[in-house]
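To start, the structure under review is shown below, and the notes come after it.
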């Protein structure tokens with residue numbers, strides 16, 4: 001197995017970097033197979049195995065694997081580096097494969113093991129392009145940087161994802177890894193590091209947007225001698241996969257950021273809290289930590305300095321509330337994850353009641369570049385109040401589901417239409433749920449506002465961790481509110497009454513409305529309950545839990561009223577309000593619908609159009625499912 005050996009000082013690190021750069025430069029061709037969770041789910045492991053099998057023993061090729069020593073070059077043969085990579089971004093059309101040559105890179109999509117032999121023959125050994133495997137959006141795109149989804153992004157946190165082997169310490173160092181740590185250890189004092197991060201304006205990317213440098217300064221000045229650094233990798237929002245993709249695709253970048261933070265605040269130990277549903281993140285972080293320990297980059301006297309640091313992984317038990325700081329640290333300590341009353345805050349008494357820096361994956365992943373390139377560089381990107389970039393996962397009714405990174409201040413229109421390819425199947429944009437289950441909805445009226453931490457709060461929403469669920473006309477906004485309230489109510493830890501009982505009552509009201517049992521006074525009660533839960537709950541989960549209800553009530557109140565007064569769901573989503581109708585022009589009177597109706601609500605003579613008795617119909621949909629002629633539809 002390939003090993004960098006012990007890296008005991010800056011000279012050793014420089015030597016490893018030079019060797020790694022030469023090794024990568026010596027690869028005439030790199031075959032980069034996306035091995036993020038999304039592509040693995042669609043079969044990329046089988047694609048990688050097929051490449052390994054087909055490339056092994058091919059005349060004219062020397063195969064270079066990431067975890068073996070570099071092979072000797074052979075005259076007349078091309079050295080091919082076969083690599084797994086992190087998420088290449090366009091998750092909707094995986095498995096994704098890049099063929100990287102000296103003069104160009106080809107991006108292939110929806111690759112199957114059956115395509116591999118042809119790719120090798122035409123695009124690895126030859127210079128042909130397989131057009132059917134290219135990305136199409138009105139026209140074909142060959143290079144990844146030409147695809148609008150990728151070209152319109154600004155990648156800082158995700159820069160290495162799709163380019164390098166996530167497990168390879170050698171490749172991370174070649175990408176510029178540990179330049180930030182080296183500069184911090186040997187050219188800056190701890191408070192200079194804190195000041196640089198503070199001056200950069202980096203804000204926590206986990207949702208609250210608290211200035212990272214200010215938090216670090218608060219921990220650094222605590223007189224208690226033991227400090228900790230903790231990373232929140234407990235990404236629990238439905239439809240969110242930003243932090244998971246970073247942990248899977250570039251784990252060393254996040255770890256380097258944690259190491260710089262530890263140096264800045266005087267911590268000797270750190271913990272990464274990863275949700276149990278992210279086994280690949282745990283695996284790659286574990287591999288990264290083991291590689292760093294073997295190389296001497298974690299442990300005592302790192303790079304020959306006085307700085308020592310050790311890192312541990314804790315797996316969460318799947319509780320959404322453990323994304324809250326005090327609940328997370330309590331879970332690491334082995335207690336049930338429940339928020340506590342503040343003060344004291346985590347910066348004063350966090351993990352084991354010691355001062356603790358707690359930031360999320362994306363926040364730490366920005367740190368090394370801030371140290372190497374400076375606060376002014378970071379501030380040149382994004383908006384005045386929210387510098388830098390933000391990663392977002394775009395899901396729902398979007399043409400290109402995937403992972404993106406854009407500067408703060410980018411508009412929803414740019415993200416949905418210019419990057420995401422617009423609404424799926426040519427549908428109409430209705431809203432976007434931003435900030436997860438504790439976020440809110442933005443509508444067409446907000447498509448052109450620049451998104452940052454401050455701008456969205458005007459519309460009863462939050463940036464949150466960066467989940468964007470795009471909704472079209474097929475979405476019922478009352479049901480959207482009910483769905484997210486169901487999630488937050490189920491995930492409430494139950495410690496405080498406002499959240500425990502308030503969200504339960506709000507869910508009951510929403511359920512009654514979608515069941516056709518709502519009353520107009522319910523809307524007033526919903527608003528009153530929302531305000532109570534928002535202002536009186538103990539932690540951030542409870543305080544933000546009502547936001548989906550508040551924002552949909554304000555922006556889509558007409559849909560609530562229709563549900564209550566007209567028993568109508570314009571999106572035909574709410575089961576209790578569906579009205580099944582038989583089209584007499586299409587019905588041939590076969591009787592199949594009547595035979596499958598469990599309550600005998602359908603009548604009619606053979607070979608004549610049938611009818612549905614809406615007073616008897618239980619709205620099960622069996623008739624529509626069994627009609628072979630498309631004669632049954634949901635009417636208004």
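The values are calculated or read from the model by the stated rules, or taken from the named source; none is laboratory data. Note that this is a predicted model, so its numbers are computed, not measured. We place every Cβ from the backbone using ideal geometry, glycine too, and count neighbours over all the protein chains shown.
To keep it simple, each residue is scored yes or no on (1) surrounded by fewer than 20 Cβ atoms within 10 Å (Cβ to Cβ); (2) at positive phi.
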position: 76; (1), (2): yes, yes
position: 87; (1), (2): no, no
position: 90; (1), (2): no, no
position: 94; (1), (2): no, no
position: 99; (1), (2): no, no
position: 107; (1), (2): no, no
position: 111; (1), (2): no, no
position: 118; (1), (2): yes, no
position: 125; (1), (2): yes, no
Scan the stretch 461-471 and tell me whether some residue there is part of a helix (DSSP H, G or I), in contact with a helix residue (DSSP H, G or I) (Cβ under 8 Å, 6 or more places away or on another chain) and not assigned by TED's automatic domain parsing to the domain that holds residue 205. no
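Filter the stretch 199-220 down to residues that are without any contact (Cβ under 8 Å) to a residue 60 or more places away in the chain and in contact with a helix residue (DSSP H, G or I) (Cβ under 9 Å, 6 or more places away or on another chain) and give me whichever is nearest to residue 456 (Cα to Cα). Before the answer, list the steps.
From the stretch 199-220, those without any contact (Cβ under 8 Å) to a residue 60 or more places away in the chain are 210-211, 213-214, 217, 220; that's our starting set.
Subsequent filtering for residues that are in contact with a helix residue (DSSP H, G or I) (Cβ under 9 Å, 6 or more places away or on another chain) retains 211, 213-214, 217, 220.
Numbers: 211: 18, 213: 23, 214: 23, 217: 28, 220: 32 Å.
Checked the stretch 199-220; the qualifying residue nearest to residue 456 (Cα to Cα) is 211.
Looking at the structure I just gave you, is residue 203 modelled with pLDDT under 95, touching a strand residue (DSSP E or B) at 6+ places or on another chain (Cβ under 6 Å) and more than 18 Å from residue 167 (Cβ to Cβ)? Show your work before the answer.
Numbers: modelled with pLDDT under 95: no; touching a strand residue (DSSP E or B) at 6+ places or on another chain (Cβ under 6 Å): yes; more than 18 Å from residue 167 (Cβ to Cβ): yes.
Spelling it out, it is not the case that residue 203 is modelled with pLDDT under 95, touching a strand residue (DSSP E or B) at 6+ places or on another chain (Cβ under 6 Å) and more than 18 Å from residue 167 (Cβ to Cβ).
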On the basis of being at pLDDT 95 or above and surrounded by fewer than 20 Cβ atoms within 10 Å (Cβ to Cβ), does residue 390 make the cut? no
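Would you mind listing the helices (runs of 4 or more DSSP H) fully within the stretch 490-598 where at least 2 residues are under 26 Å from residue 610 (Cα atoms)? Let's see the steps before the verdict.
Details: elements: 497-514, 521-536, 540-544, 547-555, 557-561, 592-596.
Output list reads 592-596.
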Exactly one condition in (1) in contact with a helix residue (DSSP H, G or I) (Cβ under 8 Å, 6 or more places away or on another chain); (2) part of a strand (DSSP E or B) is false for residue 297; which is it? (2)
Answer yes if at least one residue in the stretch 68-85 is in the same structural domain as residue 34 (by TED's automatic domain parsing), within 29 Å of residue 402 (Cβ to Cβ) and in a loop (DSSP other than H, G, I, E, B), and no otherwise. no
Condition check for residue 149: within 30 Å of residue 88 (Cβ to Cβ), in contact (Cβ under 8 Å) with a residue 12 or more places away in the chain, assigned to a helix (DSSP H, G or I) and in contact with a helix residue (DSSP H, G or I) (Cβ under 7 Å, 6 or more places away or on another chain): yes
Among the listed residues 12, 28, identify the single one that is under 24 Å from residue 87 (Cα atoms) and at pLDDT 95 or above. 28
So, in the stretch 444-469, exactly how many residues are surrounded by fewer than 19 Cβ atoms within 10 Å (Cβ to Cβ) and either within 17 Å of the chain's Cα centre (by Cα) or within 16 Å of residue 423 (Cβ to Cβ) (or both)? 2
The strands (runs of 3 or more DSSP E) lying wholly within the stretch 352-430 that contain at least 2 residues that are within 16 Å of the chain's Cα centre (by Cα) and outside the structural domain of residue 251 (by TED's automatic domain parsing) are 389-396, 402-407
